[in-house]
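Novice: Here's a structure for you.
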Amino acid sequence: MIGSHRLRRLAPFGVAAVLALALAACAQSYPNSTFTPHSDLGRSIDFLWNRLMFFGTIVFILVEGALVYVVIRYRRRSETVMPPQTHGNVVLEITWTLIPAAILAFIAVPTVRTIFETQAPAPANSLVIEVYGHQWWWEFRYPEYKFATANEIYVPKGRTVDLVLRSNDVIHSFWVPQLAGKRDAIPNHTNHIWFTPDSNMATTVWNGFCTEYCGDSHGEMHFRVVTVNPDQFASWVSHQQAPGFFSPAPAAPPSPPAALPAAPAALAQAAGKAAVTAAPATSIPAPVVPVNPTASPAQLASYVLPRAEVPEYAIPHTPFPDAIKFDDRLQGDPAAGEKLFVGAGTCNACHSVSGNPLAVGTIGPNLTHVGSRIAIAAGMYINDKPHLSRWIKNARLMKSGVLMPTLGKGQYDPQIKATTPSGLSDQQVADLVAYIQALK
Ligand code: HEC
Ligand SMILES: [Cu+2]
């Protein structure tokens, strides 16, 4: 009986595999796992999954059990005697057609119900957040509160969030494993996904991902969702509505808020940026980010999840490339950085800073309050001085394929495959970093 010998030799491996599986099930709940949902939508999908898994397991055991039984019971017992040969069995064939049909009909009920549930329009009082997928970052707009941000959103616990998903370039997909997803963000098409974060959980951060391959840096297209209490949310909103940092003595005083919404295009052209600002998908209107005229200094110190409370799993640990040298002791001047930011099309061609009529670019993330975000580059790097400075010096070495140019003097641009002869000095980069960090 050669077969049984072989079986006996394989047995230890089988036992090890089963043990490994069992142990894996004991591990603590992973923060990026979809199996511990914290929203209504997450729970209804989880419920469906559990049901299907349960019935699927029963079917698996019955079918495999029958298979193993038949294989053993009707095996060829001797070399000379042929086992009985059967061809066709009407009763059997009808039975094994009807049983799967019945099972399919049975599981179709909860499946279709959940599909209808998740496709229904969101309740009327939902918090609408417009989501735009970009290669390779996420733009978020809060039309109700009239501000825009990027890669990091706050949502109040207990209130339904209605995400309006669109894309500026290729297909992306929105997924926050423990809250909701996945749903595609498609160019020239609007998708919705809505859910209500549990009201009884603690204020915390959830990791979000792009789950539709969208090019070079698809794997680095993350975002963060911070679930907060309603009062923290209100405070965060008023902070986001407030304009970005201004140097104590701005060269040109900011124009009155009423004039702002009309200003962007003309100003961008004045700054010689017409060609660049006209580039993105024009079917999507530029974000209107009016200054909140009532913002007070007190509001500027409003709620942002303190760094110390950000859970470890939401903090990126990607190291910066060693090839980008920078002296981290250089001290920057935020006012000088602000001048550089809006000067000669350095950064304002692509980035907006609300309240600054010269910074209305829409190609890159809105930077109005970038200083208070956990991460930069769509969750790839921690938001601190060493990473910001190297990012500004050579974004394309930091993240493959990005639109943001390599801006440091003498830096190698991996996309153009050439070294930039002119560009920012390290001191200028330090000034820009000081400015970015002042944009709390
Ligand atoms: C041609 C357009 C362009 C220009 C010019 C540009 N950027 Fe960017 N920037 C981008 C894009 C696109 C991203 C997003 C890249 C990504 O994460 O994939 C970005 C990301 C950033 C980020 C990270 C923001 C975040 O929330 O992740 C910072 C900070 C930044 N840029 C600063 C600057 C500064 C400072 C300058 C000027 C010295 C500048 N950028 C010039 C396009 C540009
Ligand atoms: Cu992607």
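Read-outs throughout are calculated quantities, based only on the coordinates presented, and are distinct from any laboratory measurement. Given the structure is predicted, the values throughout are model-derived calculations rather than measurements. Here the Cβ positions follow ideal geometry from the backbone for every residue, glycine too, while neighbour counts run over all protein chains shown.
Novice: Where a ≥ b ≥ c are the square roots of the eigenvalues of the C-alpha gyration tensor, would you call region 335-419 rounded, which needs a/c under 1.5, or, failing that, prolate if a/b is larger than b/c, or oblate? The partial results should precede the final answer.
Specialist: Numbers: a/c = 1.71, a/b = 1.27, b/c = 1.35.
Oblate, since a/c reaches 1.5 and b/c is not below a/b.
Novice: On to the next question. If you take the beta carbon distance between ASP216 and ARG159 as r and set R0 to 35 Å, what does 1/(1 + (r/R0)^6) give as a FRET efficiency, to the nearest 0.05? Please report the intermediate quantities before stating the final value.
Specialist: Numbers: r = 36 Å, r/R0 = 1.04.
Working from the Cβ atoms, E equals 0.45.
Novice: Length gain on complete extension for the stretch PHE116 to HIS189, per 0.36 nm per residue less the alpha carbon to alpha carbon distance?
Specialist: Computed gain between PHE116 and HIS189 is 24.3 nm.
Novice: Looking at region 299-393, which trypsin sites (Lys or Arg not before Pro) are in a loop (DSSP not H, G, I, E or B) and have at most 13 other Cβ atoms within 10 Å? Mind dumping the intermediate values first?
Specialist: Working: sites: ARG307, LYS325, ARG329, LYS339, ARG373, ARG390, LYS393; in loops: LYS325, ARG329, ARG373.
Passing sites in region 299-393 are LYS325, ARG329.
Novice: Let me ask something additional. To the nearest 0.05, how large is the calculated FRET efficiency for ASP231 and ALA66 if R₀ is 60 Å and r is the Cβ-Cβ distance? Before the final figure, lay out each step's value.
Specialist: Working: r = 60 Å, r/R0 = 1.00.
About 0.50, to the nearest 0.05.
Novice: Here's a follow-up. Taking R0 as 25 Å, what's the FRET efficiency between MET82 and HIS5 from their Cβ-Cβ distance, rounded to 0.05?
Specialist: On the way: r = 26 Å, r/R0 = 1.02.
It comes to 0.45.
Novice: Which entries of LYS182/LYS393; LYS339/LYS409; LYS339/LYS385 have Cα-Cα distances beyond 23 Å here? Walk me through the intermediate numbers first.
Specialist: Working: LYS182/LYS393 35 Å; LYS339/LYS409 18 Å; LYS339/LYS385 19 Å.
Table pairs above 23 Å Cα-Cα are LYS182/LYS393.
Novice: Next question. For region 65-129, which GluC sites (Glu not before Pro) pass both filters: DSSP loop (anything but H, G, I, E, B) and at most 12 other C-beta atoms within 10 Å? Each step should come with its number before you reach the end.
Specialist: Details: sites: GLU79, GLU93, GLU117; in loops: GLU79.
Taking region 65-129 and a limit of 12 other Cβ atoms within 10 Å, the loop GluC sites (Glu not before Pro) found are GLU79.
Novice: Hey, rough spin-label estimate for ARG75 and VAL109, points 7 angstrom out along Cα→Cβ, what's it come to in nanometres?
Specialist: It works out to 4.1 nm between the two label points.
Novice: Let me ask something additional. Which value, in debye to the nearest 20, gives the size of the charge dipole of region 112-156 about its Cα centre, when Lys and Arg are +1 and Asp and Glu are -1 at the Cβ? List each step's numbers first, then the result.
Specialist: Working: 3 positive and 5 negative charges, 17 e Å.
Magnitude of the dipole: close to 80 debye.
Novice: Using label points projected 7 Å from each Cα along Cα→Cβ, tell me how many nm separate LEU92 and SER400, to one decimal.
Specialist: According to this spin-label approximation, the distance is 5.3 nm.
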